[in-house]
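> One structure, pasted below without further comment.
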Amino acid sequence: MSERTERAVRPLTTHTPRPGAAPVSRMLLAQTAFETRMLLRNGEQLLLTVIIPTVLLVLFSSVDIVAADGPGKRVDFLAPGLLALAVLSTAFTGQAIATGFERRYGVLKRLGASPLPRWALLTAKTGCVLVTEALQVALLSVIALALGWSPHGDPVAVAALLVLGTAAFSGLGLLMAGTLRAEATLAAANLVFVLLLLGGGVIVPLSKFPSAVRGALELLPISALSDGLRSVLQSGAGVPWADLGVLAGWAVLATAAAARFFRWE
């Protein structure tokens, strides 16, 4: 047998197929990246998560419309509240609406039948929220610094507030998306967003509200998040344990309720 003939009949590679699902960690990363790309390509989501907080920060920092509270300039009061609003818009409003329509169109049902475990799907959604929030915090911080913001305090306390706020709002968003119809979720999530924007201490200080309702407003997760961020970043206070306690309570209750009542179809 000549050398050319021998080379032609020699197997070029040794193929050893290994059928089966990819490792969960790889599927989790792929699903997180996919969820993030889908969110950033959605114009309505960008309006809610990026444009509205940015416009409110620039507008109210530049124009004397809102009576700020506490030391420093107006942007020192507004920046922590708008960071809290960014968490609300991504973890609650955006996630509730997107998940509600995924449930309506059967996307969740089909993903539930794939090799990706359901817990991994929810973890990927949480990862998408965290990535988006990191981008929001970076963007809003840069704009606020350009407007003269002078943040103070412990970054660890700020991170703890943001993480617990994300857990609380994610639980509430998934609870709403998993129990209501998609159209009802769309209307309710937007209504809650507007109400918490006006009554959660984001741009209007809670001290402006009557004392009869102020106590109830202070127990809202958005109030605890904006007040905690403001006490650290504006006043340079220590760890806001009371606000962290309120957020932890909301996170536990909302996550437990979402795990109990969420319907996949």
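The values are calculated or read from the model by the stated rules, or taken from the named source; none is laboratory data. Computed from a predicted structure; not experimentally measured. We place every Cβ from the backbone using ideal geometry, glycine too, and count neighbours over all the protein chains shown. For accessibility, only protein heavy atoms count, side chains too; no ligands or nucleic acids. Shrake-Rupley method; radii C 1.70, N 1.55, O 1.52, S 1.80 Å.
> Please report, to one decimal in angstroms, the Kirkwood hydrodynamic radius of the stretch 11-156 built from all distinct Cα-Cα pairs.
For the stretch 11-156, the Kirkwood estimate is 17.8 Å.
> Between residue 216 and residue 104, how high is the FRET efficiency from 1/(1 + (r/R0)^6) when r is the Cβ-Cβ distance and R₀ = 51 Å? Nearest 0.05.
On the way: r = 33 Å, r/R0 = 0.65.
After rounding, the FRET efficiency stands at 0.95.
> Rounding to the nearest 10 and keeping the result within 0 to 90°, find how far the Cα-based axis of helix 95-104 lies from the longest principal axis of the chain.
50 degrees
> Tell me, what is the 1.4 Å probe accessible area of residue 116, in Å² to the nearest 10?
Only protein atoms counted, so the area is about 10 Å².
> Related question: Quote to one decimal, in nm, the extra length available between residue 42 and residue 30 on full extension: 0.36 nm per residue of separation minus the C-alpha distance between them.
This chain segment gains 2.5 nm when fully extended.
> Note down the Stokes-Einstein diffusion coefficient of the stretch 173-232 in µm²/s, whole number, using a Kirkwood radius over alpha carbon pairs, 37 °C, and 0.692 mPa s. Each step should come with its number before you reach the end.
Details: Rh = 12.6 Å.
Taking Rh from Cα pairs, D becomes 261 µm²/s.
> Next question, about the same structure. Where Lys and Arg each count +1 and Asp and Glu each count -1, what net charge lies around residue 60 among other residues with Cβ under 15 Å from its Cβ?
Residues close to residue 60 contribute a combined charge of +1.
> Return the calculated 222 nm mean residue ellipticity for the chain, to the nearest 500 deg cm²/dmol, obtained by summing -39500 (n - 2.57) across DSSP H runs with n ≥ 4 and dividing by the residue count.
On the way: 13 runs with 183 residues, N = 265.
After summing the helix terms and dividing by residue count, I get -22500 deg cm²/dmol.
> If the convex hull of the alpha-carbon atoms of the chain is projected onto planes in all directions, what is the mean projected area in square nanometres? Show your work: numbers first, answer last.
Working: hull surface 79.1 nm².
Averaged projected hull area, Cα only: 19.8 nm².
> Report the label-to-label distance for residue 139 and residue 163 in nanometres (one decimal), using points 7 Å from each Cα along the Cα→Cβ vector.
The answer from the label model is 2.5 nm.
> Which one, 80, 52, 234, projects farthest toward the positive side of the charge dipole computed for the chain from Cβ point charges (K/R +1, D/E -1)?
So the residue we want is 52.
> Still on this structure, please answer the following. Would you mind telling me the share, in percent, of accessible area of the stretch 61-178 contributed by carbon and sulfur at probe 1.4 angstrom? Kindly include the intermediate steps, with their values, before the conclusion.
Values: 3210 of 4640 Å².
That fraction is 69 percent.
> Something else about it: Using the Cα centre as the reference, give the magnitude of the dipole from point charges on the C-beta atoms of the stretch 107-261 (Lys, Arg: +1; Asp, Glu: -1; all else neutral), rounded to the nearest 20 debye.
Details: 9 positive and 6 negative charges, 112 e Å.
Dipole magnitude for the stretch 107-261 comes out near 540 debye.
> Now a separate question. With each label point set 7 Å from Cα along the Cα-Cβ vector, what nm distance links residue 248 and residue 207?
Result for the modelled spin labels: 2.8 nm.
> Roughly how big is the chain's charge dipole about its Cα centre, with Cβ charges of +1 (Lys, Arg) and -1 (Asp, Glu), in debye to the nearest 20?
On the way: 21 positive and 15 negative charges, 223 e Å.
That gives the chain a dipole magnitude of about 1060 debye.
> Over the stretch 129-183, one equal point on each Cα, no solvent: what is log10 I(q)/I(0) by the Debye formula at q = 0.14, 0.24, 0.25 Å⁻¹?
-0.54, -1.01, -1.05
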